[in-house]
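Below is one structure, written out as structure tokens; comments come after it.
Read the figures in this text as sums done on the coordinates, not as results from a lab. Bear in mind the structure is a predicted one, so any value in this text is a computation, not a measurement. Note that each Cβ is placed from the backbone with ideal geometry, even for glycine, and that neighbours are counted across all protein chains shown.
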């Protein structure tokens, strides 16, 4: 059986590349396609030396640094991949990868990180942040997003099996594409975050400092809770705003970016991990749970799949209902009272649901079901 794996673009080793790594582990003989490939030589180890077949966008002017400028051409680019002769096509999608063209004798399974958020429900937010609400460039961008929405929904109808990375994304797929999706959570290296039963540390935040992560709200909440210590690990564009919010608060410690070994140690000893973002999934929450650490999280997005809230059998944390300093502070106080009922062993057991092995088993099962349809080759 011949297998093709379609990835969006290769630029760095991040969340979607961790998924790609495990898809390659599922089908080690697969051929790999991507819109473009600008991975540095020292970051290609997870590809196992296999070549990457790229589109014409690879050769366009300024593509190495500005390939996202060519978003409007990317649907055309993925449609040009010649996939004749492949029995199974597996795409890893967050922009255009699922739009590859397959025939009636081929099975196409698409693992969806999200539909194009900037073209659908987050369009207004994207235009505002990019300064494109008005003017000729803004009008062109709105027209482009309109065309992308039409193509995005149309191309979704040709996928045989859609797999969402969380219940939240399955809901977004149902809303935007009018398709049902099975849920297979992303692979997490739970073994890289060893269990520790005692929790002598502070409350912990680990995040890139960007606006939607809402680190500012967590810091504001702990300014109201001088009896509780907070350690904030990370860096990013909002670093100055986070430092200003924490200024003068002796119970809040800003660590900056931390090496992996230090980060794991902080997660292992943390009293609880605080997560205020609305994420598609949220791998950091699983990593904290793997260490046996409870999670206090905003109760939307992937957190609903990860955290078993207080009141559930074997709870592993707490969910708060609003992205506000008041709600976070109230959740921390509630956690302080309820924490004896949350067992570190239950947190670790919960994290094992998201292991890389579980991911591979689920994806192989999804592919087997797609291939079991009449007229398709059998595994």
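Its DSSP H runs of at least 4 residues, each contributing -39,500 (n - 2.57), put the calculated 222 nm mean residue ellipticity of the chain at -10500 deg cm²/dmol, to the nearest 500. Comparing the chain with the 2.2 N^0.38 Å rule of thumb, its C-alpha radius of gyration ratio is 1.04 (two decimals).
Hydrodynamic estimate: the Kirkwood radius of segment 64-118 over Cα pairs, inserted into Stokes-Einstein at 20 °C and 1.002 mPa s, corresponds to D of 175 µm²/s. The calculated FRET efficiency for residue 244 paired with residue 79, based on their beta-carbon distance and R0 = 35 Å, is about 0.15.
Among 122-128, 87-93, sorting by the average number of other beta carbon atoms lying within 10 angstrom of each residue, highest first, gives 87-93, 122-128. By the equivalent-ellipsoid construction on the alpha carbon gyration tensor, segment 190-353 comes out with semi-axes of 22, 17, 15 Å, ordered largest to smallest. Between residue 369 and residue 62, the contour length at 0.36 nm per residue exceeds the alpha carbon distance by 106.3 nm. Taken along the Cα-to-beta-carbon direction at a fixed 7 Å, the label points for residue 69 and residue 124 span 3.1 nm. Tell me, how many Å apart are the Cα centres for segment 211-261 and for segment 307-333? If we compute the Cα centre of each part, the gap is 19 Å. Pairwise inverse Cα distances across segment 136-180, averaged and inverted, put the Kirkwood hydrodynamic radius at 11.7 Å. If R0 equals 45 Å, the separation of the Cβ atoms of residue 50 and residue 134 corresponds to a calculated FRET efficiency of about 0.45. Sorted ascending by nearby beta carbons within 10 Å, beginning with the fewest, 82, 42, 152 become 42, 82, 152. Model label sites at residue 261 and residue 323, defined 7 Å from Cα along the beta-carbon direction, differ in position by 3.6 nm. Here the extension length gained between residue 304 and residue 174 equals 45.0 nm, from 0.36 nm per residue of separation less the Cα-Cα distance. Taking label points 7 Å from Cα along the Cα-to-Cβ direction, residue 336 and residue 1 give a separation of 5.5 nm. Computed from Cα atoms, the angle from the helix 260-269 axis to the main principal axis of the chain rounds to 50 degrees. Paramagnetic label reach from residue 142 (point 7 Å along Cα→Cβ; backbone nitrogen cut-off under 12 Å): within segment 44-82, no residues.
For segment 1-63, the Kirkwood hydrodynamic radius comes to 12.1 Å, computed from all pairs of different C-alpha atoms.
Put simply, when 133-143, 96-106, 355-365 are sorted by average Cβ atoms within 10 angstrom per residue, most first, you get 96-106, 355-365, 133-143. Relative to a virtual label point 7 Å from the Cα of residue 153 in the Cα→beta-carbon direction, which members of segment 83-105 show backbone nitrogen distances below 20 Å? Label zone hits: 94-100.
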